[in-house]
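Okay, structure first, notes after.
The values are calculated or read from the model by the stated rules, or taken from the named source; none is laboratory data. These numbers were taken from a predicted model, which means no experiment stands behind them. A quick note on method: Cβ atoms are made from the backbone with ideal geometry, for glycine too, and the neighbour counts reach across all protein chains shown. Heads up: the accessible areas ignore ligands, DNA and RNA and are worked out on the full protein's heavy atoms, side chains in. Shrake-Rupley method; radii C 1.70, N 1.55, O 1.52, S 1.80 Å.
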Amino acid sequence: FVDLGPLDGLSFLDINDRGVTIITTGNNNYVHTNGTGMKALEELVEPNSWQALNDISDINELGMIVGFGVDENGENLGFLLTPQQGTVYSGN
């Protein structure tokens, strides 16, 4: 097990077999790995591509994350985030 530090108000959403965990505080979402620690999900996507990433629901073994969010035009849409090949978030 890995100590993630204080977790007040955090909820674990999902974890894959590689140990990549998605966590939420309600309005903020995080991805945690043993190698990088906890990173805000919004830091891992193209700047200004989403106003909000809400309702994260799943992460698969390739590190792909699905959920619903608000895009740059203010529309509520589903999304699929795919990590870059060779990163600690990907299955490669």
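Residues in region 1-18 that are open to solvent by 30 Å² or more (accessible area, probe 1.4 Å), modelled with pLDDT of 85 or more and either over 21 Å from Ala52 (Cα atoms) or not in a strand (DSSP E or B) (or both): Ile15, Asp17, Arg18.
Figure legend. Inter-residue proximity from region 23-39: first residues closer than 17 Å to Ser57 by Cα and without any contact (Cβ under 8 Å) to a residue 24 or more places away in the chain, second residues open to solvent by 20 Å² or more (accessible area, probe 1.4 Å) and part of a loop (DSSP other than H, G, I, E, B), beta-carbon distance below 6 Å, spacing 6+ or different chains. Indicated pairs: Ile23/Leu10; Thr25/Gly9; Thr25/Leu10.
Asn28 meets each of the listed conditions (1) polar (S, T, N, Q); (2) surrounded by 18 or more Cβ atoms within 10 Å (Cβ to Cβ); (3) touching a helix residue (DSSP H, G or I) at 6+ places or on another chain (Cβ under 9 Å) apart from (2). Residues in region 34-64 that are assigned to a strand (DSSP E or B) and at pLDDT 90 or above were compared, and the one that is most open to solvent (accessible area, probe 1.4 Å) is Asp58.
Criterion applied to Gly67, Gly74, Gly78 was being among the small types (Gly, Ala, Ser) and not in a strand (DSSP E or B), and the one residue passing it is Gly74.
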